[in-house]
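I have placed the structure first, in the form of structure tokens, so that the comments after it can refer back to it.
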Amino acid sequence: MTIDAEILRSLRTNETGSVSGADLSQRLNISRAAIWARIEELRALGYDIEASPHRGYTLRASPDLLHADDLLSRLDESQIIGRDIRVFQNTTSTNDIVEKLARDGVAEGAVVFAESQSLGRGRLGREWVSPAGKGLWFSILLRPKLAPQAVTKLTIASAIALARAVRNTTHLNPEIKWPNDLLLAGKKISGVLTELTAELDHVKHVILGIGINVNMTESDFPKTLRSTASSLRIQSGRLIDRPEFAAEVLRQLNHDYKRVTEGCFFDVAEEWENISCTLNRDVQIQVGDRTIKGRAENLDQDGALLVRTQHGHLERIIGGDVTMRKNEP
Ligand code: BTN
């Protein structure tokens, strides 16, 4: 962990809320003058750090920006997801950056955030609107020991992790539309683009690209999206602390990634089923040129959706665009 991350962690976790320069200097094994220089740098970034001769340093407020050291300082050091965090002010798509990291052999768990994306992409070739400072736009590099057909498990797991993070932060209860769209009041607040590189029988790496509309107002969405998309701010009526929420999201994603890789997908699927708005509904699914109509009955052991078609067949769906229809008796 970097010195700045250590300083921020000490300031946040000290019971008294303050840490003396001498303590920090001893803990980090650098001079008090060096600590002071780092504190000045953090202040220049917008961290409100008070210095008192009696109490030492106190963190009064943090800025609403994504800063890798700050995010690292909020996470447990044993976490896989988020052990390497990089933040870009602007990029084309965070999935592209992570693809390059993957090819360079970077270890799994690396996370790339961007404050804004110029070419953010969604599922099925759609555009993903990613205005600066309003959301969480990030991608995670994973190297799970899974067969390619089991990667849907990660998609399902990411949805419940995101739902839990939203619940813990806002007390709102999102629903999940298969496979991993998060909805509040029927409008989409988050989506995941899973990109996979695999050999025939094993996964080389997976990129989970996650977009969460956090502090967007109506006017931040193009008119064409306003009837179907929303944000946590619109739904909760308050501004969300993005760095704190980002850390919570990474904690929850780490929890569910472990559940999948440790063979506990059954529990993940059960949690997904409890908050899904797709199961037991009549659905229409567009898979390429094919339209499948039927009732969404269940998830299979790999996270694929099992749909009983109008003709009574059970279809296993691993991707596509789901529209919910009025249930027929
Ligand atoms: C969807 O269509 O629901 C998936 C949206 C995924 C958007 C995220 S934002 C971060 C990452 N980079 C991208 O270009 N897309 C994903």
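The values are calculated or read from the model by the stated rules, or taken from the named source; none is laboratory data. The model shown is predicted, which means the values in this text are computed figures rather than measured ones. Using ideal geometry, Cβ is built from the backbone for each residue, glycine included, and neighbour counts are taken over all protein chains shown. Just the protein is used for accessible areas: all its heavy atoms, side chains included, with ligands, DNA and RNA removed. Shrake-Rupley method; radii C 1.70, N 1.55, O 1.52, S 1.80 Å.
List of remarks:
- Enumeration of residues in the stretch 270-286 that are closer than 24 Å to A147 by Cβ and open to solvent by 30 Å² or more (accessible area, probe 1.4 Å): E270, E271, E273
- Selection count, the stretch 99-124, where residues are on the phi > 0 side of the Ramachandran plot, open to solvent by 10 Å² or more (accessible area, probe 1.4 Å) and more than 10 Å from the ligand (Cβ to nearest atom): 1
- Flag for L66 being in contact with a Phe, Trp or Tyr (Cβ under 7 Å, 6 or more places away or on another chain), open to solvent by less than 40 Å² (accessible area, probe 1.4 Å) and in contact (Cβ under 8 Å) with a residue 60 or more places away in the chain: yes
- Residues located in the stretch 1-37, provided they are touching an Asp or Glu at 6+ places or on another chain (Cβ under 6 Å) and either open to solvent by 10 Å² or more (accessible area, probe 1.4 Å) or more than 17 Å from D70 (Cα to Cα) (or both): T2, D4, L28
- Where A33 falls short, out of the listed (1) without any contact (Cβ under 8 Å) to a residue 12 or more places away in the chain; (2) of a type in the set (A, V, I, L, M); (3) in contact with a helix residue (DSSP H, G or I) (Cβ under 6 Å, 6 or more places away or on another chain): (3)
- Per-region count, the stretch 63-96, residues closer than 21 Å to I212 by Cα, touching a Leu at 6+ places or on another chain (Cβ under 9 Å) and of a type in the set (G, A, S): 2
- From the list W137, W128, the lone residue that is within 14 Å of the ligand (Cβ to nearest atom), open to solvent by 10 Å² or more (accessible area, probe 1.4 Å) and either assigned by TED's automatic domain parsing to the domain that holds L305 or not polar (S, T, N, Q) (or both) is W128.
- Single condition A246 does not satisfy, out of (1) within 14 Å of the ligand (Cβ to nearest atom); (2) out of contact with any helix residue (DSSP H, G or I) (no Cβ under 9 Å at 6 or more places or on another chain): (2)
- Residues of the stretch 6-21 that are more than 12 Å from L59 (Cα to Cα), without any contact (Cβ under 8 Å) to a residue 24 or more places away in the chain and in a helix (DSSP H, G or I): none at all.
- Test: residue in the stretch 143-150 that is under 15 Å from V268 (Cβ atoms), touching an Asp or Glu at 6+ places or on another chain (Cβ under 6 Å) and either of a type in the set (D, E, K, R) or open to solvent by less than 20 Å² (accessible area, probe 1.4 Å) (or both): yes
- Failed item, numbered, when R83 is tested on (1) farther than 21 Å from P179 by Cβ; (2) open to solvent by 60 Å² or more (accessible area, probe 1.4 Å); (3) within 13 Å of the ligand (Cβ to nearest atom); (4) of a type outside the set (A, V, I, L, M): (3)
- As a summary of the residue check, H54 satisfies the conditions (1) assigned to a strand (DSSP E or B); (2) exposed (fewer than 13 other Cβ atoms within 10 Å of the Cβ) except for the one numbered (1).
- Single residue of the stretch 307-329 satisfying the filter (among the polar types (S, T, N, Q) and touching a Lys or Arg at 6+ places or on another chain (Cβ under 9 Å)) that is least open to solvent (accessible area, probe 1.4 Å): T309
- Residues (open to solvent by 60 Å² or more (accessible area, probe 1.4 Å) and under 16 Å from N180 (Cα atoms)) located in the stretch 287-306: N298
- Failed item, numbered, when N90 is tested on (1) assigned to a loop (DSSP other than H, G, I, E, B); (2) open to solvent by 50 Å² or more (accessible area, probe 1.4 Å): (1)
- All told, A163 meets the bar of being of a type in the set (G, A, S), surrounded by 19 or more Cβ atoms within 10 Å (Cβ to Cβ) and closer than 30 Å to Q149 by Cβ.
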